[in-house]
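Beneath this line is the structure, given in structure tokens, with notes to follow.
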Amino acid sequence: MNVWIRIAELLLGIIFLGAGLNGYVVLFGFEAFAPTSPAAMEFLGEGYFLALEKGVEIIAGILLLIRRFVPLTLIVLASIIVNILAFHLFVDSDLLALALVVTVLEGILVWFYHESFKGLLESKPKVAKN
């Protein structure tokens with residue numbers, strides 16, 4: 001099973017690293033090297049929001065590829081993935097298949113790392129004592 005989890009981490013890492021780098025290529029005025037949704041690029045604009053999101057995607061992709069801070073990376077990516085899925089469901093369905101693949105990979109990894117999230121789901125967490 002660990003082989004399949006590693007494959008899921010690698011695929012998700014490659015997808016986000018590639019998407020982040022592709023966004024910066026577009027941001028710097030060059031032609032995209034991977035499929036890009038024109039509607040998504042219009043939504044993100046050409047300013048700080050595009051740079052911020054693509055920067056997070058690059059860092060998350062690298063962290064997944066080197067297998068460091070994976071649960072934290074999954075939490076950071078969760079909100080981005082929800083937005084990607086919603087955008088491609090309701091606004092531009094061109095890359096919906098990729099959005100679904102990313103969502104499934106995220107779900108698989110969250111399930112595998114679910115023990116890491118138990119403390120986040122406590123209604124009354126314990127405060128650390130000094």
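Percent relative contact order of segment 2-115, based on C-alpha pairs within less than 8 angstrom and at least six residues apart?
Worked out over segment 2-115, it gives 33 percent.
Once every DSSP H run of n ≥ 4 in the chain is given -39500 (n - 2.57) and the sum is divided by its residues, what mean residue ellipticity at 222 nm do you get, rounded to the nearest 500 deg cm²/dmol?
Estimated from H runs of four or more residues: -23500 deg cm²/dmol.
Sort 116-125, 81-90 for me by packing, meaning the mean count of neighbouring Cβ atoms within 10 Å per residue, highest on top.
Put in order of decreasing packing, that is 81-90, 116-125.
Ranked highest first by average number of other Cβ atoms within 10 Å, how do 104-113, 8-17 line up?
8-17, 104-113
Against the longest principal axis of the chain, how steep is helix 96-112, in degrees 0 to 90 to the nearest 10, with axes from Cα atoms?
Relative to the chain, helix 96-112 is tipped by roughly 10 degrees.
Could you point to the residue in M41, P125, L52 farthest towards the positive end of the chain's charge dipole, with +1 and -1 charges on the Cβ of Lys/Arg and Asp/Glu respectively?
Final value for the positive-end residue is P125.
Hey, could you get me the Stokes-Einstein D for the chain, Kirkwood radius over alpha-carbon pairs, 10 °C and 1.306 mPa s, rounded to whole µm² s⁻¹?
The estimated diffusion coefficient comes to 101 µm²/s.
Hey, got a sec? Which trypsin sites (Lys or Arg not before Pro) in segment 43-83 land in a DSSP loop and have at most 16 other Cβ atoms within 10 Å?
In loop regions of segment 43-83 (DSSP not H, G, I, E or B), the sparsely surrounded trypsin sites (Lys or Arg not before Pro) are R67, R68.
Give me the dipole magnitude in Debye, nearest 20, for the chain about the Cα centre, with unit charges on the beta carbon: positive for Lys and Arg, negative for Asp and Glu.
Its charge dipole is roughly 840 debye.
Taking a ≥ b ≥ c as the square roots of the Cα gyration tensor eigenvalues, with a/c under 1.5 meaning rounded and otherwise prolate when a/b beats b/c, else oblate, which class fits segment 65-107?
Since a/c reaches 1.5 and a/b is larger than b/c, the shape of segment 65-107 is classed as prolate.
Values quoted throughout were computed directly from the atomic coordinates according to the rules given, and no laboratory measurement underlies them. What you are looking at is a predicted structure, and each value in this text was computed from that prediction instead of being measured. Don't worry about glycine lacking a Cβ; one is built from the backbone with ideal geometry, like all the others, and counts go over all protein chains shown.
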